[in-house]
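So the structure is just underneath, and the comments pick up after that.
The values are calculated or read from the model by the stated rules, or taken from the named source; none is laboratory data. Values in this document were obtained by computation on a predicted structure and should not be read as measured data. Here the Cβ positions follow ideal geometry from the backbone for every residue, glycine too, while neighbour counts run over all protein chains shown.
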Amino acid sequence: MAVRIRLTRLGRKKKPFYRIIVADSECKRDGKFLDIVGTYDPLQKPAAVKIDNDKLQDWLGKGAVPTTTVKSLIKNNVVSE
């Protein structure tokens with residue numbers, strides 16, 4: 001079972017809101033997940049990213065691999081704090 005840290009979409013049509021989740025790589029985009037690590041709201045200026053660093057480090061330590069989008073969100077979030 002390969003575990004990925006990725007985005008799942010919430011919100012209405014034309015009003016996206018995303019959760020940063022930990023899920024099995026074979027699960028659907030909006031399907032079953034293991035844990036919620038944070039949120040991402042692209043509609044705010046600047047885009048709002050909230051990440052629970054303790055949970056994130058715990059999952060990275062367990063071998064979870066972030067997608068390229070989540071990797072860039074993590075990198076930008078660390079720089080801004």
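A few points about this structure:
- None of LYS15, LYS28, LYS75 is at pLDDT 95 or above, over 11 Å from the mean Cα position of the chain (by Cα), exposed (fewer than 14 other Cβ atoms within 10 Å of the Cβ) and not hydrophobic (A, V, I, L, M, F, W, C) except LYS15.
- Qualifying residue in segment 64-71 (condition: touching a residue at least 60 places away in the same chain (Cβ under 8 Å), in a loop (DSSP other than H, G, I, E, B) and within 14 Å of the chain's Cα centre (by Cα)): yes
- Residues that are without any contact (Cβ under 8 Å) to a residue 12 or more places away in the chain and assigned to a loop (DSSP other than H, G, I, E, B), drawn from segment 1-17: LYS13, LYS14
- Condition check for ILE20: part of a strand (DSSP E or B) and either among the aliphatic types (A, V, I, L, M) or touching a His at 6+ places or on another chain (Cβ under 8 Å) (or both): yes
- Checking each residue of segment 46-61 against the condition of being under 17 Å from ASN77 (Cα atoms), exposed (fewer than 12 other Cβ atoms within 10 Å of the Cβ), among the acidic types (Asp, Glu) and more than 9 Å from the chain's Cα centre (by Cα) gives at least one match.
- Verdict on THR39 being at pLDDT 90 or above, under 13 Å from the mean Cα position of the chain (by Cα), part of a strand (DSSP E or B) and hydroxyl-bearing (Ser, Thr, Tyr): yes
- Members of segment 1-24 found to be farther than 19 Å from SER72 by Cα and touching a strand residue (DSSP E or B) at 6+ places or on another chain (Cβ under 8 Å), listed by number: MET1, ALA2, LEU10, GLY11, ASP24
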